[in-house]
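Notes to accompany the following structure.
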Number of protein chains: 2
Amino acid sequence: MVTHRSCPGYVDEPFASLVADYPGAEAYPPGDFRVEWGPVFHRGRLDGSARVLVIGQDPATHEAISRRVLVGEAGQRVQGLLARLGITHSYVMLNVYLYSVFGQAAGYRHVKDPDIVDYRHRWLDAVLLDSASPSVSPSVTPSVTPSVTPSVASSGVTAVIALGTLAKRAFGLWEDSSPEREARSRRLHLAAVRHPTYAEGSARASGQPLEDTTAAQLADWSAHLPALGAAVSPEVTPNLRSYGESWTERDLVAIPEQDLPPGAPAWWRAVDAWAVRDGADAQEKRATIRVAVPKGARSWPTL
Amino acid sequence: MVTHRSCPGYVDEPFASLVADYPGAEAYPPGDFRVEWGPVFHRGRLDGSARVLVIGQDPATHEAISRRVLVGEAGQRVQGLLARLGITHSYVMLNVYLYSVFGQAAGYRHVKDPDIVDYRHRWLDAVLLDSASPSVSPSVTPSVTPSVTPSVASSGVTAVIALGTLAKRAFGLWEDSSPEREARSRRLHLAAVRHPTYAEGSARASGQPLEDTTAAQLADWSAHLPALGAAVSPEVTPNLRSYGESWTERDLVAIPEQDLPPGAPAWWRAVDAWAVRDGADAQEKRATIRVAVPKGARSWPTL
């Protein structure tokens, strides 16, 4: 029998409270956000072992099903960036928004909305500030070990990777919002890099060839590698080699099993896409995600 | 801001170990089980507060996405049965199989397979036996409360509802497998009722009108109500009235929010179906689940 690892979820404070009182349609207008798919909170370590915080933008189709952020191709590219830094598991990822942005422009309209900001800051505090966790866990276990430190009482994060403009804005709003946060941010290296799917979006918007926007994105990521490498204590030997002009297979890394909830199928973590919006018109398309086991993971006898 | 409840998952033992070493294709042949969608373990309370154990058969489409058992229409019918007993939250549900049966006959072929049985018995022990849980939780929290009992050290289950033939078989295999289990089962009321979608399956298989098979199913459920009511300590006032000849709206009850993982959309718990297998041929159909927000939950401005 294989031993499986999985994400334990949000049992300890402050995370139990954070997933209990998240904002809904009163803060996220349904015209601009797909609130109907529910909030997606995070991916990675919430036990204080994270060394890098990654801030993404908003969850897409794969995230709506797997209930963790940055799981699709964007997530695999980020996982590859972390691998270059020698980081395999010791990270935590959050998004600017809990819900999927409906129409790219909507993303820019709400980054400073007070209710959205307040809740986001609670998450950033929880993973970045040393005293974010109260010292009592809600589910008290027997006192077999007389003195242990609370599991999330200190943050080991030394670097923040902000993916794209909105993530950089969101981090800036946090660090500027209190002296304590500002002091913490001075002990953090901020790498504000291109969003992992910048190349695709930019090519569509500008008409430039995808090859060119991809090369520009990879040059941007390469340029951030030396400073990131210096700011992060690696878990395994880093490899800070620059990216080439296009993505290679080795640049993408699968999501670790321990990042997804118990029992999640292995193909939810793999590189092949498996969740797409589907529908004959805009209304149906907003309502529908088609989940399909990728061809390479169809391990049953052919039907 | 609304306060949301959610299922905390499998953090405490023995559940953390159970979701770490579940059987895969080596025990569940992929020709007979949809192992590709991953195992679905349970729904409901794992903290010792369950008063009723429900044993279902196998997960279907809604369960593959929500990652909890008995969430689709079958689950709503069971939830309605529990409501008649005055049970709103104090239950736990398991299935005979971790994976969806592919072809109904396959379900009958594997109910006694040793690897499947052994793992199922570990779950039944965990929710039924008083000493299933080791007294130390894997995530030790500070010793602020000097003497508390382990959260799952005792079972308050007094009744078992087995849904359908296979569930009854599975429970019988458990109670016959050791003196300790047999002794425990003597303190349990077993209600072996028709499966919640018996009527549909039986009508398809026999050619009888669905009205007749539905009436037969509801008569069966009604017949079990008095003894179940006597065996269960209710949380709220029970209403043991018999079912009518067909399902009414009041017979179905939505899944409680606290049964699903954090952030799960509300429509995942509601009566309208939202997950169907989809595909042009058998191969594609096995590979695909189409997830669609039900019309009544499309709360965005019309597109």
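The values are calculated or read from the model by the stated rules, or taken from the named source; none is laboratory data. What you see is a predicted model; the values in this text were computed from it and never measured. Cβ coordinates were reconstructed from backbone atoms using ideal geometry, including for glycine residues, and neighbour counts include every protein chain displayed. SASA here: full protein model, heavy atoms, side chains in, ligands and nucleic acids out. Shrake-Rupley method; radii C 1.70, N 1.55, O 1.52, S 1.80 Å.
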- Apart from one, (1) among the basic types (Lys, Arg); (2) within 14 Å of chain B (Cβ to nearest Cβ); (3) part of a loop (DSSP other than H, G, I, E, B) all hold for A:ARG122; the odd one out is (3)
- Note on the structure: Among the residues of the range B:251-303, the number that are within 27 Å of A:ALA20 (Cβ to Cβ), facing chain A (nearest Cβ under 8 Å), in contact with a strand residue (DSSP E or B) (Cβ under 8 Å, 6 or more places away or on another chain) and not in a strand (DSSP E or B) is 1
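Residues checked against (1) within 14 Å of chain A (Cβ to nearest Cβ); (2) of a type in the set (D, E, K, R):
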residue	(1), (2)
B:VAL2	yes, no
B:TYR28	yes, no
B:ARG43	yes, yes
B:GLN57	no, no
B:ARG84	no, yes
B:MET93	no, no
B:LEU98	yes, no
B:ARG109	no, yes
- The residue from A:PRO226, A:PRO196 that alone is crowded, with 19+ Cβ neighbours inside 10 Å, over 22 Å from B:HIS62 (Cα atoms) and more than 8 Å from chain B (Cβ to nearest Cβ) is A:PRO196
- Tally the residues that are more than 23 Å from B:ARG84 (Cα to Cα), hydrophobic (A, V, I, L, M, F, W, C) and open to solvent by 20 Å² or more (accessible area, probe 1.4 Å), restricting the search to the range B:27-57. 1
- Can you name the residue in the range A:74-107 that is open to solvent by 10 Å² or more (accessible area, probe 1.4 Å) and among the small types (Gly, Ala, Ser) and, of all such residues, is nearest to the chain's Cα centre (by Cα)? A:ALA74
- Message: Take the residues in the range B:17-26 that are open to solvent by less than 10 Å² (accessible area, probe 1.4 Å) and part of a loop (DSSP other than H, G, I, E, B); name whichever of them is farthest from the other protein chains (Cβ to nearest Cβ).
- Response: B:PRO23
